[in-house]
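What follows is a short report on a single structure.
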Amino acid sequence: MAAEIVHLEFKSASFTRTSEFYARLFDWRTEQNASASYMKLSGDGAPSAGWVRADLVQSPGPIAYLAVDDLGAKLEEIERAGGRILVPRLPFAGGGEVGLFADPDGNVLGLWHRKDAGSGAEPATAPAAKPAASAAAAKPSAKGAPKAIPAKAAPAKKSPPKKK
């Protein structure tokens with residue numbers, strides 16, 4: 001079965017400006033989390049989407065999250081196929097976890113594994129998540145998709161010092 005896109009995230013340098021822009025143009029409503037690091041699209045019929053504070057994002061463009069049954073196995077498969085893992089596992093409130101990877105062309109995508117994925121049941125909507133100690137938080141939406149704030153990627157391996 002093809003992986004379903006279950007959530008989209010965009011970056012925002014100013015939640016106030018972003019919120020006002022989309023409210024004026026599309027009558028969209030937004031809701032910011034307590035740590036001011038994530039703002040979700042809210043309202044009846046709204047798709048599962050949100051904005052991450054620009055200094056926390058892993059990608060210059062939007063991130064699509066794909067639903068997977070086994071996060072660890074899919075991450076291993078991605079590496080074997082030539083992808084690069086950016087965030088291997090990040091738990092989110094309400095159960096489950098997310099991960100981020102870059103494909104061979106550098107496009108960043110997210111993977112989402114629901115804790116109860118085998119049961120077919122959607123997780124209940126939880127109150128706004130508070131950030132975890134790793135500067136990341138997540139929250140399932142009413143549709144069951146993650147509201148994740150990606151952690152910064154691990155620093156690149158440093159090259160050996162130059163010989164003088």
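Which condition from (1) within 16 Å of the chain's Cα centre (by Cα); (2) over 27 Å from ASP116 (Cβ atoms) is the one that ILE85 breaks?
It fails just one condition, (2).
Show me the strands (runs of 3 or more DSSP E) entirely contained within segment 52-105 in which 2 or more residues are at pLDDT below 95, surrounded by fewer than 20 Cβ atoms within 10 Å (Cβ to Cβ) and of a type outside the set (A, V, I, L, M).
84-91
Out of the residues in segment 38-51 that are out of contact with any helix residue (DSSP H, G or I) (no Cβ under 6 Å at 6 or more places or on another chain) and closer than 15 Å to ALA13 by Cα, which is surrounded by the fewest Cβ atoms within 10 Å (Cβ to Cβ)?
Taking segment 38-51 first, the residues out of contact with any helix residue (DSSP H, G or I) (no Cβ under 6 Å at 6 or more places or on another chain) are 38, 40-50.
Going one step further and asking which of them are closer than 15 Å to ALA13 by Cα, we end up with 38, 40, 50.
Working: TYR38: 27, LYS40: 20, GLY50: 26.
In this case the residue turns out to be LYS40.
Within segment 64-105, can you find the residues that are touching a residue at least 40 places away in the same chain (Cβ under 8 Å) and of a type outside the set (A, V, I, L, M, F, W, C)?
TYR65, ASP69, ASP70, PRO91, GLY94, GLY95, GLY96
The values are calculated or read from the model by the stated rules, or taken from the named source; none is laboratory data. These numbers come from a predicted model, not from an experiment. All Cβ positions, glycine included, derive from the backbone under ideal geometry; neighbour counts span all protein chains shown.
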